[in-house]
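Notes to accompany the following structure.
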Amino acid sequence: MNRNENENENENENENENERERENVTRDEREKKPTLVLCGTGKTGRRVAERLEERGLPVRIGSRSAETPFDWEAPATWAPVLHGVDAAYLVYYPDLAVPGAADAVRRFAALAVEAGVRRLVLLSGRGEEAALVGERAVRESGADWTILRGSWFAQNFTEHFLLEPVLSGEIALPAGAVAEPFVDAGDIADVAVAALTEDGHAGRIYELTGPRLLTFRDVAGEIGRAAGREVRYVPVSAAEYAAAATAEGVPDGLVSLMTYLFTEVLDGRNASLTDDVRRVLGREPRDFADFAREAAATGVWSGVREPQR
């Protein structure tokens, strides 16, 4: 081997070492920048923030009550929460399918890229045709993007509108006998954290499901067994459900959203399983029965309510 060859090899080794050092510096710089978690006190956002903090990563919560307030309906609050952010978890409340959501997400994503945000992870809904426009807004933003299409959350029965029906012992919904692959919000959060912090998820759409299909009657049975009391499912028409919800004081917009989800999305189109949770996390998704047992142990279903008629 001649002198020139030795010099070339040494130069290549030095270049590789310099490149590794630059990558390490860039990674360290990114880890010092906060990750923005919108709706950071909600079902998935809270869990995403907790998991990031457990890793020692800086987090900025995006909510009306946060230190730096954020409100989807107040665009003046958007720029301050994006300052210095490297990645963001986007959740549109109450749902990406509602009118005006896509336009707001498009404007926010453009502002994020302009502010230097490198990575956007968007929570969407599985089977929600109306949410596709919002998804496209993120995909066309110019950032590295990942879309998470979630099935029905198991936590809807503990942290949302289905808790009161469970406590009353009667879950009355216009869901018929359609099966749904209920997914745990913790699994969604774990996938979101992977997409926010690891390479290999840019440009991916993940459809997140639980490990088995359950009807709402099946779910009522699982909850009843875990809680040690009777919980039954009562199928009603969409009109009956909307009337009952309105009578209970549920806002018209939320009634319309829930009616849309029950009548159009919960029509069997999502009655299938995916392996996306396992492919991303290397483990199986959490089963609803395990969720129910752990939820019952917290006492969340210990109260008793009169059924709403």
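The values are calculated or read from the model by the stated rules, or taken from the named source; none is laboratory data. Computed from a predicted model, the values in this text were never measured in an experiment. Here Cβ is always computed from backbone atoms with ideal geometry, including for glycine, and neighbour counts include all displayed protein chains. Calculation scope for accessible area: heavy atoms of the full protein, side chains included, ligands and nucleic acids excluded. Shrake-Rupley method; radii C 1.70, N 1.55, O 1.52, S 1.80 Å.
Quick notes
- Residue selected from segment 46-66 under the condition without any contact (Cβ under 8 Å) to a residue 40 or more places away in the chain, in a helix (DSSP H, G or I) and in contact with a strand residue (DSSP E or B) (Cβ under 7 Å, 6 or more places away or on another chain), by the criterion most open to solvent (accessible area, probe 1.4 Å): GLU53
Conditions tested, residue by residue: (1) assigned to a loop (DSSP other than H, G, I, E, B); (2) in contact with a helix residue (DSSP H, G or I) (Cβ under 7 Å, 6 or more places away or on another chain); (3) of a type in the set (A, V, I, L, M).
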position: THR68; (1), (2), (3): yes, yes, no
position: ALA76; (1), (2), (3): no, no, yes
position: GLY84; (1), (2), (3): yes, no, no
position: TYR93; (1), (2), (3): yes, no, no
position: VAL133; (1), (2), (3): no, yes, yes
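- THR215 passes every criterion in (1) β-branched (Val, Ile, Thr); (2) touching a helix residue (DSSP H, G or I) at 6+ places or on another chain (Cβ under 8 Å); (3) open to solvent by 20 Å² or more (accessible area, probe 1.4 Å) apart from (2).
- Here ARG139 fits the description: over 21 Å from THR263 (Cβ atoms) and open to solvent by 20 Å² or more (accessible area, probe 1.4 Å).
- Residue that is least open to solvent (accessible area, probe 1.4 Å) [pool: residues in segment 174-205 that are closer than 23 Å to GLU140 by Cβ and assigned to a strand (DSSP E or B)]: ILE205
- Every residue from segment 84-96 that is open to solvent by 20 Å² or more (accessible area, probe 1.4 Å) and either among the acidic types (Asp, Glu) or farther than 18 Å from ALA49 by Cβ (or both): PRO94, ASP95
- Yes/no for LEU123 being without any contact (Cβ under 8 Å) to a residue 24 or more places away in the chain and not charged (D, E, K, R): no
- Test: residue in segment 110-118 that is surrounded by 19 or more Cβ atoms within 10 Å (Cβ to Cβ), assigned to a loop (DSSP other than H, G, I, E, B) and modelled with pLDDT of 95 or more: yes
- Looking across segment 243-263, the residues that are within 26 Å of the chain's Cα centre (by Cα), open to solvent by less than 60 Å² (accessible area, probe 1.4 Å) and under 25 Å from GLY303 (Cβ atoms) come down to ALA245, VAL250, LEU254, VAL255, MET258.
- Going through (1) under 30 Å from LYS32 (Cα atoms); (2) over 19 Å from the mean Cα position of the chain (by Cα); (3) of a type outside the set (Lys, Arg) one by one, ALA202 falls short only on (2).
- Any chance LEU266 is under 23 Å from ALA185 (Cβ atoms) and surrounded by 16 or more Cβ atoms within 10 Å (Cβ to Cβ): yes
- Between GLU294, GLU284, GLU240, the distinction of being part of a loop (DSSP other than H, G, I, E, B), open to solvent by 30 Å² or more (accessible area, probe 1.4 Å) and at negative phi belongs to GLU284 only.
- Among (1) open to solvent by 20 Å² or more (accessible area, probe 1.4 Å); (2) aromatic (Phe, Trp, Tyr); (3) outside any loop (DSSP other than H, G, I, E, B) - the single one PHE161 does not satisfy: (3)
- Contact map, segment 232-250: residues that are closer than 11 Å to PHE262 by Cβ paired with residues that are open to solvent by 50 Å² or more (accessible area, probe 1.4 Å), Cβ distance under 6 Å, separation 6+ or inter-chain. Pairs shown: ALA238/THR263.
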